[in-house]
Structures are given as C-alpha cells and as structure tokens.
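These notes concern the structure reproduced below.
The values are calculated or read from the model by the stated rules, or taken from the named source; none is laboratory data. Since the structure is predicted, the reported quantities are computational estimates derived from the model, not experimental observations. Cβ: placed from backbone, ideal geometry, glycine included. Neighbour counts: every protein chain shown. Surface areas here come from the heavy atoms of the whole protein model, side chains and all, with no ligands, DNA or RNA. Shrake-Rupley method; radii C 1.70, N 1.55, O 1.52, S 1.80 Å.
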Amino acid sequence: MLCDVCRIGLEGIWDPSKSKRIGLLEDFPEILQFRFNDDELEEALSSSKLKEPERYVFGHHIDYDSLARSKEQHCTACKEFGVANDRDDVNTTFAEVGYYSVFCIGLSPPEFDNPTMLVYVGDMIEEISHELVAHDENDHLNSMISPSTSDDKTWSLVQSWLDRCLVSHSLCRNQALTVFSPTRLLELVDTGSDKTFRLVQRGEFDPGERYVTLSHCWGPESGEEKLQLVASTMSSLSVGKLVNSLPKTFRHAFEIADRLHIRYIWIDRLCIIQDSEEDWRDESATMQTVYRNGFLNIAALGATNDEGGCFFDRDPVLVKPTIINISPDQDLPSHYRFSDETETWTRDFHRETLITRAWVLQERMLSARNLYFGTQQVFWECCTTNCCETVPAGPLLTYITRSTTGLDAMSSKSARFAWKRLIDASNSGLREDRGLLANLLLEWSAAVQAYSTCNLTYSSDKLIALSGLANDMGAILRDLDPSYGTYLTGMWKLTMPDSLLWKVKGLNKRPSPYRAPSWSWASVDGPLDLPPGGINSSCPLVEVLGTEPLPLDDSAITNIDGYKIVLKGPLCVVKGLRPEKPPNPLLNVHKISSLHNLDTCLPINASLSPTRILFDDLQDQYDEVFILLFWTHPYPSLSRVVTGGLALRPIDDSQTLYRRVGHAQIDVDADDIQDQDLDRYNPVLDACQTISIGIV
C-alpha cells in the first residue's frame with residue numbers, strides 16, 4: 001500500500017493544483033547530479049524529450065513526523081527510508097521550501113523503461129527509486145481485498161488453493177502415512193443450531209478419517225485457568241460440550257474444519273492429558289506423525305492467546321496494493337502500482353505472533369498443508385507452493401525442491417519425507433546439483449538456525465519442542481544408511497566435527513539447570529549461526545574419537561541425556577584476554593593478547609592480527625582459556641593465515657576434561673612469507689600439542 005502523501009503526489013503530477021511543484025529540475029543541482037551526467041545535462045534540459053512532469057521537483061513529506069506516520073503504516077515507498085533519515089537529517093534546500101523530502105518522476109525511455117518515482121532526502125542527499133508497473137487483469141497481484149478474513153471472498157481463495165493442491169500436488173498427497181490414527185481427536189457433532197464436540201479415543205473413529213490440526217499460542221495466562229484435558233475433565237469432554245463454550249481461537253478452528261467438511265480436529269491442549277507426565281511423553285514422541293498425517297494444519301497466526309481467534313477485520317486499503325492513475329488523459333486511464341508491492345506480504349507475515357513460538361516450527365514444517373490466518377491476510381503453504389490473498393497464484397518464494405539425486409537409493413517411505421520450504425524461510429543453499437544427503441543436512445541446519453530465534457515459555461522444552469523434527473529426520477537418515485541416524489542432544493553424529501563450530505549471534509546465555517552438554521547448540525538460548533554440517537569434513541585438524549553417555553537424565557524422548565564427546569586435536573592456551581574496545585553491544589567478544597604452548601607455557605611467537613573469542617554466554621569473563629584448533633586456511637591476498645576452533649575451560653585439574661565456552665578465530669600476519677609457503681606456514685599450529693580431550 002501507499003500512504004496518501006505518495007498516492008496523491010503521484011496522481012497529481014500533471015495538475016499543479018493537486019501536487020505541489022516546488023521548482024524546476026534545474027533549480028536543484030544536487031538532484032541533477034543523480035539524474036544526468038555532465039555531458040548529457042544540457043541536452044536533457046533543453047530538449048523536448050522530457051515530458052512536462054519530469055521537468056519539476058515535487059513536494060513529498062513536509063516533515064519527519066509525516067514520514068514517521070507513513071513508515072508506521074508500512075507505506076511501500078516510505079518504509080525504504082533508512083534509520084539515518086531521522087528528525088535531524090534535514091536538507092536545508094528542501095526545508096526552505098517547506099519539505100523534509102521531495103520527489104521527481106521519470107517517464108521517458110530509454111532512461112526509464114517504466115514510470116519511476118525518485119525520492120530525495122537527507123542533509124547528504126540520497127536518492128531512493130521506485131519503479132511502477134502496469135496493473136491490469138493480467139497482474140498477478142490481487143487488489144480486491146475484503147474487510148474480513150472470514151468472508152466469502154477470502155474463503156473462495158482458500159477453497160481454490162485447497163482444490164488445486166488436492167488435484168495437482170502429488171508431493172502433498174504423499175506426505176501422510178497410510179496406517180496411523182492419533183490417540184485422541186475432537187469430533188464435531190452437528191445437532192442443529194448448536195454445534196457440539198466431544199473427545200473420542202482411537203478405535204472410536206475410522207483409521208482413514210481425515211482430521212485437521214491446530215497451531216496456536218496458549219498465551220501468558222496460567223494453563224490451569226484454561227479449559228484443557230486433565231484427569232478431571234476427561235469425562236466431561238468425552239460426553240461433549242458446546243463449541244460456543246470454547247475460547248475464540250478453538251471456536252474458529254472448528255468453523256474452519258466445518259467449512260472444509262471435516263469432522264475431526266486435533267488440538268494439543270484438548271488431546272494430550274496435561275497433568276499426566278506419561279501421556280505427555282508418549283504423545284510428544286509421536287507429535288511429528290500427528291502433524292504429518294493431518295489433512296491440513298490451521299495456524300492461528302495473529303492470535304496472541306486462545307481468545308485471539310483466527311478471523312480478523314481489517315482495512316483493505318492497508319493490505320492491498322495501491323493502484324494509481326498517472327495518465328494526463330482521464331478518459332484513457334493508465335493504472336500502475338509499485339513493483340515493490342510484490343513483497344509487501346512479508347510485512348503482514350513477519351509481524352505476527354505465532355511464528356515466534358518455538359513449538360510451532362515443527363508443526364509448520366511437518367504438516368503437508370498450512371493455512372495461516374493472520375491479522376491482515378490469509379496465507380497458504382504446502383509442499384509444492386505458497387501464496388496469500390495479495391499474491392493468490394503464488395509462489396511467494398522461488399520454491400526449492402529437494403534434489404532427486406540418490407532418490408533411487410531410497411525407499412518410497414523416505415521419498416515422502418521432504419520438508420516443505422516455509423514461507424519465511426531464508427535461502428538454505430539447497431541445490432539440485434548437491435547430493436541428497438548434503439541437502440538433508442542443510443535442511444536440518446537451516447531448521448535449527450530458524451528455531452534458535454524462536455521463544456519458549458519453558459527453557460527445559462528446548463529439545464522437546466524439536467523432537468518431532470529430529471525423529472522425522474532420523475527416520476530419513478536411517479533409511480539412507482542405518483549409521484546416519486545417531487542423534488546426540490540436537491546434533492547428528494555424522495556431521496561432527498564440523499557441526500560443533502556453531503556460533504552465537506547475540507547476547508545468548510546458558511540456562512540453569514543443566515539442559516545439554518556445552519558442545520551442543522542446545523546448551524544456549526538465543527539466535528545462532530550454524531555451519532551446514534556434512535560427512536565430508538572441512539575440519540582436518542580434529543578427529544572425533546567417540547562419544548560417551550553421562551548419567552545425568554535418562555529420557556529418550558526429550559534427548560536431554562548428557563554425552564561426553566572425545567576429540568583429538570591441537571591445543572594451546574590463551575592468556576590475557578580483554579574485552580573488545582569499543583565493546584560490541586550485541587556480542588560478548590574478547591581480544592586475544594597472547595598464545596602459549598600447552599606443555600611449556602611459553603608464548604607462541606606469532607604476529608597476531610585482530611584475533612578474538614566470541615563467548616557463548618553473556619556472563620563469560622575469563623583471563624585464560626584453551627583453544628582446540630579445528631581448521632586452518634591461508635589467505636595469500638591478505639598475507640594472513642587464519643585458524644579457527646573452540647574456546648574451552650578445564651573442569652578438573654587433570655586438564656583432560658573441558659567444557660565449551662565459545663568460538664575462537666586466530667589470525668596470524670604473514671607479510672614476509674611467500675605465497676607458495678603460506679600453505680606450510682602456521683607458527684600457532686606448529687607450537688600446539690596434539691592431545692585427546694573430553695568435552696561435556
């Protein structure tokens with residue numbers, strides 16, 4: 001959408017009474033420098049090639065407050081103003097004529113293939129350009145947005161997405177397992193005017209019966225205050241209750257199921273016995289199967305709690321693309337929209353609550369079809385495509401399918417387990433020319449990286465909330481090779497040692513009590529940067545000798561039992577650590593003062609470039625740590641040798657058992673070393689002692 005400032009300004013470019021012309025183009029030499037080279041300036045201004053509106057500079061925002069209001073509305077043009085364009089970033093020339101920003105219009109080819117709005121702002125003037133594209137019946141964007149996400153117009157789109165998927169998406173149809181029934185479902189019973197539902201057990205419904213699932217936020221209120229399945233409510237829920245007695249999100253979910261002509265729905269809070277540890281453990285173990293076999297997953301995207309609902313009223317003007325008429329002849333309208341309007345759906349999706357919840361990630365990834373009900377739009381996501389109300393034909397993203405390389409070596413069961421690409425997924429690096437196993441491991445890494453940015457109400461759920469994906473991936477890997485499926489507290493053994501080199505991306509912390517060994521990403525809370533992992537190691541300096549279970553917590557489903565990993569590699573000591581100056585407000589980074597030999601404690605004679613340790617926990621403050629080196633690489637163009645590894649602290653006097661505290665990178669200057677000698681030059685590595693250690 002466009003704010004009124006942009007819309008009215010553009011539609012009035014031919015009429016001086018509608019759009020304020022603050023001067024001729026030649027009156028603004030700073031703008032001319034952006035528009036024309038010196039050798040074409042005189043010709044451009046004197047010739048008749050410029051159409052009338054192109055000769056003028058138009059007023060845009062009168063002050064910063066006007067701009068701020070438009071940015072808050074998410075105007076497609078004004079949201080591009082950067083953080084530097086603040087209240088003090090005023091261009092004096094513009095201010096003298098009463099404006100914070102101004103714009104020009106480009107209409108004449110060959111300089112402009114399409115009409116272009118050129119916005120100018122700032123003390124040090126900058127140009128922000130926006131191309132306009134024709135809008136007609138062939139436009140792939142939909143400008144016919146209704147006032148509610150629950151009305152017939154929206155539902156007609158939903159039905160078209162579903163029909164297309166059922167008819168032509170074989171991959172989506174093949175996700176479900178042929179023989180599976182959830183332990184419990186909620187059955188919708190139509191008794192006339194008042195609809196009721198009841199809890200039914202496996203055996204009370206046909207094994208092939210379709211059911212939908214619900215992804216939702218519980219909300220901050222205590223679960224004890226909510227209607228849920230516990231021992232004391234089992235009987236009343238089994239007898240039946242009015243649908244109208246449910247919180248709004250659940251009521252809307254039943255309405256959606258009814259519109260889909262589906263009688264059964266699975267809702268975690270009403271289908272898992274919440275006060276039974278045994279039932280919770282059993283149901284969590286099969287969570288991935290419940291979602292994978294569901295006909296469709298309803299995602300209450302915009303609801304912050306169970307009373308938020310799935311349906312929302314909205315102002316269509318703030319959602320749909322703004323169509324403007326910039327033709328001088330009103331009898332021959334020329335309708336355009338900003339080309340950037342294609343991406344505005346991201347604004348509506350990313351600001352919603354549900355996608356920030358950690359539990360929801362696996363529900364989204366494992367369901368064959370997701371129907372997201374946001375506050376501004378409804379979104380569709382399946383294994384084959386994704387779309388929304390403003391881009392109804394999709395896809396919203398260039399869809400990446402898993403490489404078929406090696407599929408002939410897989411059973412038909414494994415071929416059904418391709419995870420779909422989520423609407424908000426980043427480019428995970430999947431490529432058709434990669435092998436199947438490489439793409440699988442990239443998918444896992446991308447999923448964990450996305451998961452690390454999500455929120456958990458209970459820190460202890462870190463691995464439990466991902467166990468569905470882990471179980472799913474384990475089945476795929478074991479189908480390729482039984483040895484591939486060893487899963488150790490969030491990580492696959494076959495990706496080690498590379499996958500041990502994860503890094504924090506913010507002010508992370510290690511929770512208390514103990515949750516996972518220090519070498520696992522699951523031991524910290526906060527966003528992470530994960531290496532892709534793989535069986536072809538890029539860490540030749542370290543060898544994984546094995547893993548040993550630690551008797552901490554024996555719980556197979558949660559995978560929070562501890563493991564000691566035994567590694568063999570070069571080890572050195574770092575002394576005199578000091579915080580980076582100036583300190584990074586988002587990372588706990590310390591500079592390395594000196595490196596020392598493990599045996600002699602003598603300094604290692606090396607000229608260190610900026611070398612640092614990125615600590616895992618905000619509270620980590622050490623004067624001395626040990627570094628286990630994983631890899632080394634020469635950079636001839638920089639006259640530098642770079643080595644990386646893990647920062648460790650000993651946990652006993654023997655110095656054979658350590659815990660991870662961070663990620664280390666050592667840069668060694670090699671200005672006097674010939675390029676052909678850089679491959680062999682590494683005084684740090686030469687002075688290290690190669691030993692075997694355990695990390696817990």
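What the phi angles of the range 236-248 give under the Karplus curve with 6.51, -1.76 and 1.60, with θ = phi - 60°, is a coupling list of 5, 5, 6, 5, x, 9, 5, 4, 5, 7, 7, x, 4 Hz, glycine and proline written as x. Rounded to the nearest 500, the helix-only mean residue ellipticity at 222 nm of the chain stands at -6000 deg cm²/dmol, with each DSSP H run of n ≥ 4 adding -39,500 (n - 2.57). Applied to the range 228-235, the Karplus parametrisation 6.51 cos²θ - 1.76 cosθ + 1.60 on θ = phi - 60° returns per-residue 3J(HN,Hα) values of 8, 7, 10, 4, 7, 9, 4, 5 Hz, with x for Gly and Pro. Please report the spacing between the Cα centers of the range 159-194 and the range 236-289 in Å, no decimals. Result: 15 Å between the Cα centres.
Using only the C-alpha atoms of the range 606-696, find the volume of their convex hull and express it per residue in Å³.
So the per-residue hull volume is 106 Å³.
Just the protein heavy atoms count here, and of the accessible area of the range 265-350 at 1.4 Å, carbon and sulfur take up 47 percent. The residues of the range 229-316 expose, per residue, 37 Å² of accessible area to a 1.4 Å probe. Each Lys or Arg adds one and each Asp or Glu takes one away; over the other residues whose Cβ falls under 12 Å from the Cβ of Ser148, this sums to -3.
Take the range 11-107 with all the other protein chains still there, run a 1.4 Å probe, and you get 53 Å² of accessible area per residue.
When only Cα pairs below 8 angstrom with a gap of at least 6 residues are kept, the range 478-547 shows a relative contact order of 35 percent. Measuring spread by the Cα atoms of the chain yields a radius of gyration and Dmax of 30.0, 90 Å.
Each principal axis of the Cα cloud of the range 210-321 was taken in turn, and the coordinate range along them, longest first, works out to 51, 30, 25 Å. Suppose we look only past 18 Å in the calculated P(r) of the range 269-404. What percent of the Cα-Cα pairs does that tail hold? Of the Cα pairs, 66 percent sit more than 18 Å apart. Take Cys78: with every protein chain present and a 1.4 Å probe, its accessible area is about 0 Å². Considering only alpha-carbon pairs that sit under 8 angstrom and 6 or more positions apart, the relative contact order computed for the chain is 9 percent. Each of His261 and Asp675 was given a label point 7 Å from its Cα along the Cα-to-Cβ line. The distance between the two points is 7.1 nm.
List the longest stretch of the chain that has no exposed loop site; here a site is one of the GluC sites (Glu not before Pro) assigned by DSSP to anything other than H, G, I, E or B, with at most 11 other Cβ within 10 Å.
433-696
Hydrodynamic estimate: the Kirkwood radius of the range 89-208 over Cα pairs, inserted into Stokes-Einstein at 37 °C and 0.692 mPa s, corresponds to D of 152 µm²/s. Work out the FRET efficiency for Asn597 and Thr346 from their Cβ-Cβ distance, taking R0 = 45 Å, and round it to the nearest 0.05. Computed FRET efficiency for Asn597 and Thr346: 0.30. Each of Ser170 and Val83 was given a label point 7 Å from its Cα along the Cα-to-Cβ line. The distance between the two points is 4.9 nm. Close amide H partners of Cys388, meaning residues 5 or more places away or on another chain with modelled amide H under 5 Å apart, are Trp380, Gly394. Calculated FRET efficiency, Ala68 to Leu545, Cβ-Cβ distance, R0 = 60 Å: about 0.55 to the nearest 0.05.
Computed with every protein chain present, the accessible area of Cys454 is close to 20 Å² [probe 1.4 Å]. Here the relative contact order of the range 255-350, from alpha carbon pairs under 8 Å that lie six or more residues apart, stands at 10 percent. For the range 47-142, taking the reciprocal of the average inverse distance between every pair of different Cα atoms yields a Kirkwood hydrodynamic radius of 14.7 Å.
Counting heavy atoms of the protein chains only and a 1.4 Å probe, report the per residue accessible area for the range 529-671 as a whole number of Å².
Heavy-atom SASA per residue in the range 529-671 reads 47 Å².
Computed from phi, the 3J(HN,Hα) profile of the range 336-349 under the Karplus parametrisation 6.51, -1.76, 1.60 (θ = phi - 60°) reads 9, 9, 6, 4, 5, 4, 4, 9, 5, 4, 4, 4, 6, 7 Hz, with x in place of Gly and Pro. Put simply, the amide H of Asn85, placed in the peptide plane, has no neighbours under 5 Å, leaving out anything fewer than 5 places away on its chain. Centre-to-centre, using Cα atoms only, the range 99-122 and the range 467-526 are separated by 50 Å.
Annotation note: trypsin sites (Lys or Arg not before Pro) in the range 288-371 located in DSSP loop regions with a Cβ neighbour count of at most 15 within 10 Å are Arg351.
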